[in-house]
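S.K.: Before I ask anything, let me first share the structure, which is written out below as structure tokens.
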Amino acid sequence: MAGFMIAAAHKSSGKTMVSTGLAHALADHGVQTFKKGPDYIDPMWLGLASGRACYNLDYNVMDADEIRAFYQARAGSLSLVEANKGLFDGVAFDGSDASAALAKLLQIPVVLVVDCSGITRGIAPLLIGYQAFDKDLNIAGVILNKTATPRHEGKLMAAVETYTDLPVLGAISRRADLTLGERHLGLITPSETEQAAAKVATIGRVVAEAVDLDAIRELAKGAADIPARAPTTVSSHPPNIRVAIARDRAFGFYYPDDIEAFAMAGAELVPFDTLSDPALPESDALFIGGGFPETQAAGLAANQSLRADIKQKIENGLPTYAECGGLMYLSNSLNWQGQTYPMVGVVAGDVVMHERPQGRGYTRFAKTTAHPWPGVGNDVRAHEFHYASIENLPETTEFARRVLRGTGIDGSSDGIVIHNLLAGFCHLRATASNPWVENFVNFVRQKR
């Protein structure tokens with residue numbers, strides 16, 4: 001299987017822009033994209049660029065065997081894996097969960113994207129050091145990013161060619177039209193970007209002109225065939241459950257393999273728009289994932305009929321799962337940038353947006369007796385990334401999760417339980433160790 005990784009020495013080097021451009025430029029070759037770690041937004045851009053879903057490879061929720069099996073089952077004739085953070089950075093000090101470890105696990109070559117701002121000859125010792133740091137890692141080439149002038153580019157290329165044995169696969173000049181746009185949680189999503197497809201096409205064209213695509217495809221052939229066990233999947237059920245799912249400008253943080261798991265569990269996902277639909281579609285359950293409800297707060301508040309319909313149905317027992325942004329939407333109110341907006345009002349608390357993250361990174365939790373679903377373990381791994389806190393919760397609030405690592409809602413608990421609703425800040429991923437989708441769908445069947 002041909003494949004390669006796009007990595008960088010440190011974050012914000014432009015690897016997502018380069019990966020997006022390559023995904024678009026190689027789309028006709030059937031490129032399949034992957035993203036290392038827990039991430040929703042980068043995969044949206046990669047998926048838009050390639051024309052097919054981008055999948056996450058995450059050491060936090062998957063062991064090495066599961067990662068290999070997952071990758072092999074979904075890899076295309078050409079696979080592109082975008083790293084996260086710096087090539088050698090991770091949570092574990094020994095680098096066992098870093099992007100370099102993932103490249104070695106999958107036996108794929110690495111293309112290093114270097115932010116060349118303010119550097120010329122100094123690029124050589126940087127590259128030599130990265131090669132020497134891990135002799136078992138195959139760094140196969142370099143892409144020079146954010147070059148200032150043709151003269152600057154020439155100095156960089158001369159330094160790489162004189163002092164290293166790495167080929168320069170491309171050089172991309174600094175351009176304003178290559179930015180994807182950022183905010184407090186990172187990149188903005190394609191759904192919030194006017195002319196997103198046109199922007200991706202522009203990036204794809206620039207990258208195709210600046211990078212040697214034939215050389216990229218050739219080095220990708222150096223990826224080794226990897227032995228892997230068959231991927232673990234949930235049991236297949238006939239489609240007899242309908243789950244309403246919020247998919248719009250406010251909510252869109254869903255892993256594609258979780259979506260696939262709903263189908264395998266016998267659930268049809270029925271999308272609705274929280275900004276425009278007057279009521280929920282006919283369904284047996286409700287799922288509201290993460291997103292940016294704060295940026296759409298005025299529109300969410302204005303849709304009074306949908307808010308009232310959701311509140312009534314949850315209070316009448318509709319099985320519901322909400323993550324992060326979904327939890328915020330189901331609260332009494334949302335305060336952002338000095339304005340307070342009414343939300344659904346099922347969760348008796350008020351959401352406040354802050355300037356700094358209130359919870360960020362990998363989480364672990366144990367279930368409590370209040371957890372409504374069967375089959376949940378006592379050491380579940382997840383992740384969180386929220387600038388929101390919830391204030392004024394009643395002392396009688398029931399929680400489904402005891403936080404072992406991370407912040408959750410109050411530093412020790414997460415997962416508010418009300419009627420048949422479970423809503424928390426932790427983002428789950430359906431894996432062999434935590435088949436949450438199947439557990440939730442089975443709960444819906446019981447309640448129906």
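Taken together, the values in this text are just the output of simple stated rules run on the coordinates, not laboratory data. Fair warning: this is a prediction, and the values are worked out from it, not measured in the lab. Don't worry about glycine lacking a Cβ; one is built from the backbone with ideal geometry, like all the others, and counts go over all protein chains shown.
S.K.: Amide H neighbours of L57 under 5 Å, at least 5 residues apart or on other chains, H built in the peptide plane: list them.
M.R.: Close amide H contacts, sequence-distant or interchain: K35, K36, G37.
S.K.: Okay, moving on. Using amide H atoms built 1.01 Å from N in the peptide plane, name the residues 5+ places from L275, or on other chains, whose amide H lies under 5 Å from its own.
M.R.: Distant-sequence amide H within range of L275: zero hits.
S.K.: What shape does region 1-93 have by the C-alpha gyration tensor, where a ≥ b ≥ c are the square roots of the eigenvalues, rounded means a/c under 1.5, and otherwise prolate means a/b greater than b/c and oblate the rest?
M.R.: Verdict is oblate for region 1-93.
S.K.: Explain nothing, just compute: Karplus ³J(HN,Hα) = 6.51 cos²θ - 1.76 cosθ + 1.60, θ = phi - 60°, for every residue of region 273-288 in order, whole Hz, x for Gly and Pro.
M.R.: Once rounded to whole Hz, the list reads 10, 5, 8, 10, 6, x, 7, 5, x, 4, 7, 9, 7, 9, 10, 10.
S.K.: Find which of P167, G338, A382 sits farthest along the positive direction of the dipole of the chain, computed with +1 on the beta-carbon of Lys and Arg, -1 on that of Asp and Glu, about the Cα centre.
M.R.: Of P167, G338, A382, it is P167.
S.K.: Quick one: helix 123-133 against the long Cα principal axis of the chain, what's the angle to the nearest 10°, folded into 0 to 90?
M.R.: Here the helix axis deviates by roughly 70 degrees.
S.K.: Is there a quick way to get the dipole size of the chain? I mean about its Cα centre, with the Cβ of Lys and Arg at +1 and of Asp and Glu at -1; what is the value in debye to the nearest 20?
M.R.: 320
S.K.: Can you give the FRET efficiency for D165 and R360, using 1/(1 + (r/R0)^6), R0 = 41 Å, r = Cβ-Cβ distance, to the nearest 0.05?
M.R.: My answer for the efficiency is 0.55.
S.K.: Between 0 and 90 degrees, rounded to the nearest ten: what's the tilt of helix 41-50 against the longest Cα principal axis of the chain?
M.R.: Value to nearest ten degrees: 60.
S.K.: Could you derive backbone 3J(HN,Hα) for region 428-439 from the dihedral phi with the Karplus parameters 6.51, -1.76 and 1.60 (θ = phi - 60°), listing whole Hz in sequence and x where the residue is Gly or Pro?
M.R.: 9, 9, 6, 9, 4, 7, 9, x, 5, 5, 5, 4
S.K.: With the Cα gyration tensor of region 367-413 in hand, convert its eigenvalues to equivalent ellipsoid semi-axes via √(5λ) and list them largest first in whole Å.
M.R.: Ellipsoid semi-axes (Å, largest first): 19, 15, 8.
S.K.: Modelled label-to-label distance, T120 and K135, 7 Å Cα→beta-carbon offset: nm?
M.R.: 3.5
S.K.: Given the chain, what percent of its DSSP beta bridges are antiparallel, to the nearest 5?
M.R.: 40
S.K.: Something else: Translational diffusion coefficient, Stokes-Einstein: compute it for region 241-447 using the Kirkwood radius over C-alpha pairs as Rh, at 20 °C and 1.002 mPa s, and state it as an integer in µm² s⁻¹.
M.R.: My calculation gives 128 µm²/s for D.
S.K.: Place a point 7 Å from the Cα of A27 along the Cα-to-Cβ direction; which residues of region 33-50 have their backbone N under 14 Å from it?
M.R.: Residues 33, 44-50 qualify, since their backbone N sits under 14 Å from the label point.
S.K.: Shifting gears a bit: Along each of its three principal axes, how wide is the spread of alpha-carbon positions in region 239-325, in whole angstrom units, largest first?
M.R.: Principal-axis extents of region 239-325 (Cα, largest first): 36, 27, 18 Å.
S.K.: Shape verdict for region 122-181, please, from the Cα gyration tensor: rounded (a/c under 1.5), prolate (a/b greater than b/c) or oblate.
M.R.: Details: a/c = 2.63, a/b = 1.57, b/c = 1.68.
Oblate, because a/c is 1.5 or more while a/b does not exceed b/c.
S.K.: Give the cross-link partners of K146 among the aspartates and glutamates, using a straight C-alpha distance below 20 Å as the criterion and excluding same-chain residues fewer than 8 apart.
M.R.: D42, E82, D115, E161, D177, E182, E209, D212
S.K.: If amide H atoms are built 1.01 Å from N in the plane of the peptide, which residues on other chains or at least 5 residues away come under 5 Å of the amide H of S413?
M.R.: Residues meeting the criterion, in which the H sits 1.01 Å from N, are V403.
S.K.: Could I ask something else about it? Give the lysines reachable from K85 as a straight Cα distance under 17 Å; neighbours fewer than 8 places away on the same chain don't count.
M.R.: Cα-Cα hits under 17 Å: K11, K15, K35, K36, K104.
S.K.: Sort region 403-448 into rounded, prolate or oblate with this rule: let a ≥ b ≥ c be the square roots of the eigenvalues of the Cα gyration tensor; rounded if a/c is under 1.5, and if a/c is not under 1.5, prolate when a/b is larger than b/c, oblate otherwise.
M.R.: Oblate.
S.K.: Ok, one more. In whole Hz, what ³J(HN,Hα) sequence does region 210-219 give by Karplus (6.51, -1.76, 1.60; θ = phi - 60°), x for Gly and Pro?
M.R.: Values, residue by residue: 9, 10, 7, 5, 5, 5, 4, 5, 5, 5 Hz.
S.K.: For E209 paired with K311, estimate the spin-label separation in nm (one decimal), with each label point 7 Å from Cα along the Cα-to-Cβ line.
M.R.: The two pseudo-label positions are separated by 5.4 nm.
S.K.: May I pose another question? If you take the Cα Rg of region 2-220 and divide it by 2.2 N^0.38 Å, with N the number of residues, what do you get?
M.R.: On the way: Rg = 16.2 Å, N = 219, 2.2 N^0.38 = 17.1 Å.
After normalising by residue count via 2.2 N^0.38 Å, the value is 0.95.
S.K.: Ordered by packing density, taken as the mean number of other Cβ atoms within 10 Å over each peptide's residues, highest first, how do 147-153, 431-437 rank?
M.R.: Packing proxy ranking, top to bottom: 431-437, 147-153.
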